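Shown next, in structure tokens, is the structure this report addresses.
Only the coordinates and a few stated rules stand behind these numbers; no lab work does. Keep in mind that what you see is a predicted model, and the values were worked out from it rather than measured. Note: ideal-geometry Cβ built from the backbone for every residue, glycine included; neighbour counts use all protein chains shown.
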Amino acid sequence: MIKASKLAYEYIRRDEEGNVEGIVRALDGVDLDIKSGDFVAILGHNGSGKSTIAKEINAILEPTEGVLFVNNYDTSKEENIWDIRQSAGMVFQNPDNQLVASVVEEDVAFGPENLGVPTDEIILRVAEALEKVGMTAYRNSSPNHLSGGQKQRIAIAGILAMKPKCIVLDEPTAMLDPNGRKEVISTIHELNKKEGITILLITHYMDEVVGCDKVIVMDNGKVVMQGTPREIFSRPDEIKKHKLDLPQVTELADELAKEGVDMPKGILSIDEFVEAFTSRYAGK
Amino acid sequence: MLRDITLGQYYPTDSVIHRLDPRVKLTATLLFIVSMFLFHSFLGYAVAGICLAVVIVISHVPFRFMMKGLKTIWFLLIFTMIFNIFLTDGTILFQWKFIKISQEGLLTAAFMGLRLFFLIIGSSLMTLTTTPNQLTTGMETGLRWMKVIHVPVHEIAMMMSIALRFIPILMEETDKIMKAQQARGADFEEGKLMDRVRALVPVFVPLFVSAFRRANELAMAMEARCYRGDNGRTSMKPLKYAARDGIAYVIMVLFLVLIVFTDKIAALIF
Ligand SMILES: Nc1ncnc2c1ncn2[C@@H]1O[C@H](COP(=O)(O)OP(=O)(O)OP(=O)(O)O)[C@@H](O)[C@H]1O
Ligand SMILES: [Mg+2]
């Protein structure tokens, strides 16, 4: 689905006369191979290049070096960008700044309208997309009356209506309250399972990473760790070196292990923790 | 409260007028405004008034609600009438020192006032029965021919609909910034005019910065959703004329003919 090799991107800052003032190498030799139907999380502290990679995948930015293929389209070719944007939709962080229309259903229709989909088909797609994110009841509301989580689900519906193969979400929950966060995360999990849509979730919340198939950790423009959540979180020292946290239970198990309690590495959920703990210590 | 700004106050209810194609309503409003200048007889005012009254009744918009929206315009209306009363020469009915009131003055004032009143009611009827979104689509579709003379119709319509979406958001933000500045001791209510204007600078600077950031993000989100201007764009709710729209056009023509001939008929009768 998404394949990158030696991908690099440089932001070039210029002063008023257009002279180069500084170069930020935001991506540096990134190799990626994301399979169709995967649920992948990208982690990394601020400025590690996560948003840059998202914009590369959406062909908003063109690679400075290396190649990136999305759905077998080369992102550096101008003629491919509309196919790429149709097959890899993008959801941004701020729910207010990505909704275009002042009626929910018209906003969902915006993508298919741009693609030139016939009217009858648009109506079907809008109804279907709203159904999938559970927002059918709000189709005639104004986005201004919705909560943050609901707005993000509308944004997701707007992407779904374009029938993408993959959705890239750049910190979609960063501005939401815990409830809104849960809504959005469970929506994308459902889309991944039921529709087989490839999900690329960029996030700062470790708890959202636990249910993923694969985790990619970035630091300073490079991919520094890759693997299943269990593999990644079994290496707490390495994680901390890249200025990231562990999920709370994992952290607790890790601290206990340091104090001499017999706990396995890479515990991801409270249930697992309880299971591991009781199987060892119950009745003692 | 700020979340719900509606331009020209849409009155949501169901009526034939509400269901008419926005292009019909735009044309009708234009025609009505033009027709106001086509007659001079008393009969003309009666015909226009009756027609307007009939449309108002069909629209299900309560007359009281319409009046409420006209508060600020009453002043203009009364002002015009007073000017007409005192500044028209003719048979004098009443005189006190330099103030004179003539018969002609009273008549022109009454007619002038009535004409303005009709104009205002007629055009507010359009905004009361058409949502801003419908108006935008109506203008985009109805004025599409203007593309031939290089008027960027689609772009203007898109700007209007984005403005409609972001005006309430920016209003709320202004409110937030003002409160934040007040919490830091800013005073927007007191002081001389210049001081008050100066106090607004720390409100508008962050507001502009934020508006530009929003614009930048929105543009990116629109591009990510394959927006490329008007090229090959379709619509979920394309405007389609129904039978009632045809009937409305016929009624419009009849009205126009009637108005044009009232002067002649009036001359025959009186
Ligand atoms: N428009 C830009 N111009 C110049 N430099 C930029 C620009 N956007 C990002 N950068 C730089 O590129 C690097 C990577 O930025 P990026 O936005 O991809 O990070 P990120 O991982 O998304 O961070 P965050 O977690 O804060 O969203 C940073 O050092 C940043 O300063
Ligand atoms: Mg980012």
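Listed values, structure above:
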item: Square roots of 5 times each gyration tensor eigenvalue, C-alpha, segment A:1-69, largest first, Å; result: 26, 13, 10
item: For a label point 7 Å along the Cα-to-beta-carbon line of A:VAL24, residues of segment A:30-57 with backbone N under 15 Å; result: A:45-56
item: Spherically averaged projected area in nm², based on the convex hull that wraps the Cα atoms of chain A; result: 17.9 nm²
item: Gain upon complete extension [A:GLU16, A:SER279; 0.36 nm per residue less C-alpha separation]; result: 88.0 nm
item: Chain B: DSSP helices with Cα axial extent of at least 24 Å and average Kyte-Doolittle hydropathy no lower than -0.5; result: B:42-59, B:71-87, B:103-129, B:153-183, B:193-224, B:243-269
item: Bins of 5 Å from zero: percent of alpha-carbon pairs in chain B; result: 1, 5, 9, 11, 12, 12, 12, 11, 10, 8, 6, 3, 2, 1, 0
item: Cα extents of segment B:131-237 along the three principal axes, largest first (Å); result: 53, 29, 25
item: Under 23 Å from B:LYS147, Cα to Cα: lysines that are on another chain or at least 8 residues apart; result: B:LYS25, B:LYS237, B:LYS240
item: Likely footprinting exposure, A:VAL30, B:VAL55, A:VAL108, fewest C-beta neighbours within 10 Å first; result: B:VAL55, A:VAL30, A:VAL108
item: Entries of A:LYS163/A:LYS214; A:LYS55/A:LYS77; A:LYS165/A:LYS193; A:LYS35/A:LYS194 with Cα pairs more than 18 Å apart; result: A:LYS163/A:LYS214
item: Residue list for segment A:122-150, given a label point 7 angstrom along the Cα-to-Cβ vector of B:THR234 and an amide N cut-off under 16 Å; result: A:122-129
item: Estimated FRET transfer efficiency when R0 is 45 angstrom, pair A:GLU121-B:ALA53 (beta carbons, to 0.05); result: 0.50
item: FRET efficiency, A:VAL67 to A:HIS189 (Cβ-Cβ, R0 30 Å, nearest 0.05); result: 0.45
item: Over segment A:180-284 - Rg/Rh using Cα atoms and the Kirkwood inverse-distance radius; result: 1.02
item: Two-site FRET efficiency, A:GLU231 against B:VAL209, from Cβ-Cβ distance with R₀ of 30 Å, rounded to 0.05; result: 0.10
item: Amide H within-cut-off set for A:LEU43, under 5 Å, with H built and near neighbours excluded; result: A:ILE216, A:VAL217, A:MET218
item: Taking the C-alpha atoms of the protein assembly as shown, convex hull volume expressed per residue in Å³; result: 252 Å³
item: Fraction of antiparallel bridges per DSSP, the protein assembly as shown only, in percent to nearest 5; result: 60 percent
